[in-house]
1. Of all residues being in a loop (DSSP other than H, G, I, E, B) and among the small types (Gly, Ala, Ser) in the stretch 59-113, which is nearest to residue 9 (Cα to Cα)? Just the residue, please.
2. Restricting to the stretch 71-86, name every residue that is free of Cβ contacts under 8 Å to residues at least 12 places away in the same chain and more than 16 Å from the chain's Cα centre (by Cα).
3. Can we say residue 41 is surrounded by 13 or more Cβ atoms within 10 Å (Cβ to Cβ) and either in contact with a Cys (Cβ under 8 Å, 6 or more places away or on another chain) or of a type in the set (A, V, I, L, M, F, W, C) (or both)?
4. Being touching a Leu at 6+ places or on another chain (Cβ under 8 Å), surrounded by 12 or more Cβ atoms within 10 Å (Cβ to Cβ) and over 15 Å from residue 80 (Cα atoms), is that true of even one residue in the stretch 9-32?
5. Which condition does residue 56 not pass, out of (1) within 12 Å of the chain's Cα centre (by Cα); (2) closer than 17 Å to residue 22 by Cβ; (3) among the aliphatic types (A, V, I, L, M), if it passes all the others?
6. Could you tell me whether any residue of the stretch 47-58 is in contact with a Pro (Cβ under 9 Å, 6 or more places away or on another chain), in a strand (DSSP E or B) and within 14 Å of residue 95 (Cβ to Cβ)?
Amino acid sequence: MPEIALHTVLEPGREADYDAVHETIPADVAAALTEHGVREWRIWRDGRHLFHLIDVEDYQAMRHALRDHPANVRWQATVAPMHARADDYSGTDHGISLVWSLAAQLRDSRDTH
């Protein structure tokens, strides 16, 4: 699974805090993400709603590896209180289901002609 989309929700009033800590995440957190297959992680915010798009080699393996990683444990202690629902880091979630892709449609249309 090369890309996964996630939706999370912030606690009321924590929007500015979340934006501030994501201006630049700690270098050891960025290194841990890339070490475990994350090529890109982008986050959009609409009010309290966060939408993540992650390009990762193996999402479940990455989540499992980071669950007890010291850098991630420290990072989660910073960001977890900002979220409306705690993340159990089980890695069993599969993100938001993809409904449609322009690239896939165009590719399929070329393949059928």
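The values are calculated or read from the model by the stated rules, or taken from the named source; none is laboratory data. As the structure is a computational prediction, the values presented were derived from the model and not from experiment. Neighbour counts run over all protein chains shown; Cβ positions are idealised from the backbone, glycine included.
1. Here is the first cut: in the stretch 59-113, the residues in a loop (DSSP other than H, G, I, E, B) are 68-69, 84-101, 112-113.
When the remaining residues are screened for being among the small types (Gly, Ala, Ser), the result is 84, 86, 90-91, 95, 97, 101.
Working: 84: 6, 86: 10, 90: 18, 91: 18, 95: 14, 97: 17, 101: 25 Å.
The residue in question is 84.
2. Keep residues of the stretch 71-86 that are free of Cβ contacts under 8 Å to residues at least 12 places away in the same chain, which gives 73, 77, 80, 86.
Matches in the stretch 71-86: 77 only.
3. In short, yes.
4. So the first thing to find is which residues in the stretch 9-32 are touching a Leu at 6+ places or on another chain (Cβ under 8 Å), and the list is 9-10, 18, 32.
Of the ones still in play, those that are also surrounded by 12 or more Cβ atoms within 10 Å (Cβ to Cβ) are 9-10, 18, 32.
Retained after the next criterion (residues that are over 15 Å from residue 80 (Cα atoms)): 32.
Scanning the stretch 9-32, I find at least one residue that is touching a Leu at 6+ places or on another chain (Cβ under 8 Å), surrounded by 12 or more Cβ atoms within 10 Å (Cβ to Cβ) and over 15 Å from residue 80 (Cα atoms), so the answer is yes.
5. Residue 56 satisfies every listed condition except (2).
6. yes
Here's the yes/no breakdown for (1) at pLDDT below 95; (2) aliphatic (A, V, I, L, M); (3) more than 14 Å from residue 3 (Cα to Cα):
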| site | (1), (2), (3) |
| --- | --- |
| 39 | no, no, no |
| 49 | no, no, yes |
| 61 | yes, yes, no |
| 65 | no, yes, yes |
| 70 | no, no, yes |
| 78 | no, no, yes |
| 82 | no, yes, yes |
| 108 | yes, no, yes |
